Amino acid sequence: MMKNPICTRGLRLWVQGLLLLTLRWLQLKTGFDQKTGLALRSFPGLVLAAAILLCGALELFLALGIPKTARTYLNCLEPVDQRHLAPLAAGSLLLCAGGVLLPGWGTLAIAAAVAGAASALGLIFFARLLRQSAEPRALPLLPAMVFSVLFVLVVYLPEESNPVLERYYLPVLAASMAACAFYQLAGLACREGRLRWFVFFGNLAVPLCLAAMADCAEDWGRMLSFFGFALVLTVFLLTRRDTLLPEPEPEEEKNEEKGPGSAAQTQG
């Protein structure tokens, strides 16, 4: 009996994310002094930190069961099918809208807006290539990877001098995990990524991005971006094959194996 990946993978991550979101919201309400902004001893904050560590340990344990060798995209991930098109398109549009709505008109904000719009087009084009049975290419995924890196800077730089780590550690951690997940996803498309680390970073990024939305009550750009990251990564995680396909032998090894035999036949 086959397992339903929506229940065993996607639903589990979103339940974790909603629980972390609730804990983070409670921490923001009760864990900081209203006048000074300093962190207070907060039970929801302690539970949140423990839950994040527990999720990290669980995902690492599950990821260690996946082969650590470099994999090609189609040997470990299935093409995006009809069921995944709608959430992928929605997540792509959220990334586009989030990038455009990020506050500020500085160089970083403009670059993030352009990268967000390009990532939406790239993700949709990448899905189209897969549905046409074409060889996956990393180029359409590069805008999403660039946007995720720029987004880390957008989240971290305004807080770099903030001495209250509890105030900003979760959004920065969530953005960093999303950036690592997109890096590994692009690596799979160019035959350099590792499925183990894509699953590890992706499974952490989805609930953390959902939880980080609690910090974005007054910033629609960041909120939509976090939601878009969670949705897009969930789609690609759902396409993971239950059984990995065998990797093709490199051409150099094939030539080396044929060499001695060919030589013997020639001598014979």
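The values are calculated or read from the model by the stated rules, or taken from the named source; none is laboratory data. Everything quoted here is computed from the prediction, not taken from an experiment. Glycine gets a Cβ as well: all are built from the backbone with ideal geometry, and neighbour counts include every protein chain shown. These area figures cover heavy atoms from the full protein model, side chains too; ligands, DNA and RNA do not enter into them. Shrake-Rupley method; radii C 1.70, N 1.55, O 1.52, S 1.80 Å.
Some points to look at:
- Residues (open to solvent by 40 Å² or more (accessible area, probe 1.4 Å) and at negative phi) located in region 189-200: CYS190, GLU192, ARG194, TRP197
- The set of residues in region 98-112 being touching a Gly at 6+ places or on another chain (Cβ under 8 Å) and part of a helix (DSSP H, G or I) consists of GLY98, GLY99, VAL100, LEU101, ALA112.
- Restricting attention to region 30-89, the residues that are open to solvent by less than 70 Å² (accessible area, probe 1.4 Å), among the polar types (S, T, N, Q) and in a helix (DSSP H, G or I) total 1.
- Residue within region 207-215 that is at pLDDT below 90, charged (D, E, K, R), open to solvent by 30 Å² or more (accessible area, probe 1.4 Å) and outside any loop (DSSP other than H, G, I, E, B) present: no
- In region 59-79, the residues that are among the basic types (Lys, Arg) reach residues that are part of a helix (DSSP H, G or I) and open to solvent by 60 Å² or more (accessible area, probe 1.4 Å) with C-beta atoms within less than 9 angstrom, at least six apart or across chains, in these pairs: LYS68/TRP197.
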